[in-house]
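Trainee: This is the structure, below, for whatever I ask next.
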Amino acid sequence: MGLPNYVGREMRTFAFAALAVLALSGCSKPVPKEDAGPTASNGPTSPTQDELLKEGVEKATKREPGHYDIVAPGTKWDPATTSMVDLGDRMDAKVKATKNSLCRAVLTYDDPTVGSLTGRPEIKIQDDRHFELQYMLPETKSEFNRIRADGERRAQLGEDGWQSLASFSSDAPAMTDMDVLEWPRKFPLEMFSYYKEGSDAWGPLFRAWANGVGGYKAVVEEQTFKQGDKKATHYRVYAHSEESGKTTIEVIVDKVHLRPLTIKVDGTLASGERYNMYWSGDWQTGGKYDEGVFNLPKPGAKVAKAT
């Protein structure tokens with residue numbers, strides 16, 4: 001399915017227009033309000049969309065059975081026809097070539113330090129210099145942050161408003177061993193490191209896992225699924241480490257389009273408590289974003305804090 005059906009409705013609204021929340025149970029916490037800077041070309045959001053902004057994200061109390069399950073290698077998947085490192089490099093090449101794409105994601109986590117949460121961030125990409133990434137991390141609790149680029153600059157919106165990021169001409173930082181260790185809890189942002197700072201995301205990570213960084217042992221598998229009268233093949237990268245408590249990660253990738261479809265983490269906090277994270281993305285391509293969707297405030301402009 002392409003994007004044309006969304007151009008007149010979803011894409012003409014600003015960042016949170018389609019940030020629907022899974023209302024499960026518990027008390028809600030408001031999503032940070034938007035500053036007065038970037039706007040879409042056709043004006044403010046509709047009342048229904050404003051209501052979504054006020055709703056925020058709901059604390060979740062249950063998950064469907066198997067939501068966080070990660071099966072051991074060789075149980076349901078077959079050996080892959082590619083190496084893990086080659087897969088990562090090809091995924092990075094795909095990221096750089098991505099144009100006119102929309103990813104509607106679901107992100108959940110169950111973390112004893114902050115509780116349980118479900119949200120629906122979006123990733124909007126016109127090209128590698130015009131984009132917006134919505135993301136949330138356990139450390140930001142129920143706040144949605146974002147990274148945006150307007151063709152000339154890129155910036156990050158956090159609790160203190162918009163902050164400039166490295167220019168497009170800056171040298172991209174290399175992934176460090178510490179980055180590998182922190183990746184399981186930061187992947188909703190770090191999987192898009194190319195947009196944040198120009199760094200490849202998947203090749204360096206898979207290479208580190210293949211080399212045993214952080215005590216990881218990893219394999220890549222594949223499986224062909226039947227979807228209606230069609231078939232689709234997915235890769236699965238499974239990584240496990242016994243260091244600093246057990247951590248198991250699963251990354252499922254579309255074999256044809258080389259995009260991540262599902263990521264699961266079963267990890268251990270420094271306290272020894274367990275936490276789980278899950279991300280799933282529905283990717284669509286085609287269509288065109290309206291002018292102004294990726295605008296940024298002018299440098300030095302005063303903007304409201306995202307609180």
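The values are calculated or read from the model by the stated rules, or taken from the named source; none is laboratory data. None of these values were measured; they are calculated from a predicted model. Here the Cβ positions follow ideal geometry from the backbone for every residue, glycine too, while neighbour counts run over all protein chains shown. To get the accessible areas, we keep the full protein, side chains included, count just its heavy atoms, and leave off ligands, DNA and RNA. Shrake-Rupley method; radii C 1.70, N 1.55, O 1.52, S 1.80 Å.
Trainee: When the residues of the stretch 255-273 are filtered to those that are touching a Pro at 6+ places or on another chain (Cβ under 8 Å) and surrounded by 13 or more Cβ atoms within 10 Å (Cβ to Cβ), which remaining residue is modelled with the lowest pLDDT?
Mentor: Per the stated criteria, the residue is 269.
Trainee: If a residue must be within 30 Å of residue 273 (Cβ to Cβ) and in a strand (DSSP E or B), how many such residues does the stretch 221-254 contain?
Mentor: Residues meeting the conditions: 14.
Trainee: Given the condition among the β-branched types (Val, Ile, Thr), over 15 Å from the mean Cα position of the chain (by Cα) and surrounded by 16 or more Cβ atoms within 10 Å (Cβ to Cβ), answer yes or no: does some residue in the stretch 128-140 qualify? Spell out the reasoning first.
Mentor: Just the residues of the stretch 128-140 that are among the β-branched types (Val, Ile, Thr), to begin with: 140.
When the remaining residues are screened for being over 15 Å from the mean Cα position of the chain (by Cα), the result is none.
No, that holds for no residue.
Trainee: Applying the selection to the stretch 70-82, what residues are in a loop (DSSP other than H, G, I, E, B) and either open to solvent by 60 Å² or more (accessible area, probe 1.4 Å) or under 22 Å from residue 266 (Cα atoms) (or both)?
Mentor: Within the stretch 70-82, 70, 71, 72, 73, 74, 75, 76, 77, 81 meet the criteria.
Trainee: Scan the stretch 198-208 and tell me whether some residue there is assigned to a loop (DSSP other than H, G, I, E, B), under 17 Å from residue 179 (Cβ atoms) and either touching a residue at least 60 places away in the same chain (Cβ under 8 Å) or among the basic types (Lys, Arg) (or both).
Mentor: yes
Trainee: Continuing with the same structure: Under 6 Å between Cβ atoms, which residue pairs at least 6 apart in sequence (or on different chains) link something in the stretch 240-262 that is more than 19 Å from residue 92 (Cβ to Cβ) with a partner that is crowded, with 19+ Cβ neighbours inside 10 Å and among the acidic types (Asp, Glu)?
Mentor: Close Cβ pairs (under 6 Å, with a partner that is crowded, with 19+ Cβ neighbours inside 10 Å and among the acidic types (Asp, Glu)) amount to 248/266.
Trainee: Follow-up. Would you please name the residue that is farthest from residue 251 (Cα to Cα), looking only at residues in the stretch 166-184 that are assigned to a helix (DSSP H, G or I) and not charged (D, E, K, R)?
Mentor: So the residue we want is 178.
Trainee: Output the residue which, of all residues in the stretch 180-190 that are touching a residue at least 12 places away in the same chain (Cβ under 8 Å) and open to solvent by 60 Å² or more (accessible area, probe 1.4 Å), is nearest to the chain's Cα centre (by Cα).
Mentor: 186
Trainee: Scan the stretch 158-178 for residues that are surrounded by fewer than 19 Cβ atoms within 10 Å (Cβ to Cβ) and farther than 28 Å from residue 297 by Cβ and jot them down.
Mentor: 174, 176, 177, 178
Trainee: While we're on this one: Would you confirm, using the coordinates I've provided, whether residue 194 is within 13 Å of the chain's Cα centre (by Cα) and aromatic (Phe, Trp, Tyr)?
Mentor: yes
Trainee: Does the stretch 147-155 contain at least one residue that is among the hydrophobic types (A, V, I, L, M, F, W, C), touching a Lys or Arg at 6+ places or on another chain (Cβ under 9 Å) and either free of Cβ contacts under 8 Å to residues at least 40 places away in the same chain or open to solvent by 10 Å² or more (accessible area, probe 1.4 Å) (or both)?
Mentor: So the first thing to find is which residues in the stretch 147-155 are among the hydrophobic types (A, V, I, L, M, F, W, C), and the list is 147, 149, 155.
Then drop every residue that is not touching a Lys or Arg at 6+ places or on another chain (Cβ under 9 Å), which leaves 147, 149, 155.
If we keep only those that are either free of Cβ contacts under 8 Å to residues at least 40 places away in the same chain or open to solvent by 10 Å² or more (accessible area, probe 1.4 Å) (or both) as well, we get none.
Within the stretch 147-155, none of the residues are among the hydrophobic types (A, V, I, L, M, F, W, C), touching a Lys or Arg at 6+ places or on another chain (Cβ under 9 Å) and either free of Cβ contacts under 8 Å to residues at least 40 places away in the same chain or open to solvent by 10 Å² or more (accessible area, probe 1.4 Å) (or both).
Trainee: Based on this model, can you work out whether residue 81 counts as at pLDDT 90 or above, farther than 25 Å from residue 162 by Cα and β-branched (Val, Ile, Thr)?
Mentor: In short, yes.
Trainee: Scan the stretch 101-120 and tell me whether some residue there is in a loop (DSSP other than H, G, I, E, B) and more than 22 Å from residue 69 (Cα to Cα).
Mentor: Within the stretch 101-120 (the criterion being in a loop (DSSP other than H, G, I, E, B) and more than 22 Å from residue 69 (Cα to Cα)), the answer is no, since none of the residues qualifies.
Trainee: Here are some residues: 161, 151, 119. Which one is among the small types (Gly, Ala, Ser) and within 18 Å of the chain's Cα centre (by Cα)?
Mentor: Numbers: 161 fails: within 18 Å of the chain's Cα centre (by Cα); 151 fails: within 18 Å of the chain's Cα centre (by Cα).
Going through 161, 151, 119 in turn, the sole match is 119.
Trainee: So which residues in the stretch 195-230 are open to solvent by less than 40 Å² (accessible area, probe 1.4 Å) and more than 30 Å from residue 167 (Cβ to Cβ), if there are any at all?
Mentor: Answer for the stretch 195-230, where residues must be open to solvent by less than 40 Å² (accessible area, probe 1.4 Å) and more than 30 Å from residue 167 (Cβ to Cβ): 209, 212, 214, 215, 216, 218, 220, 221, 222.
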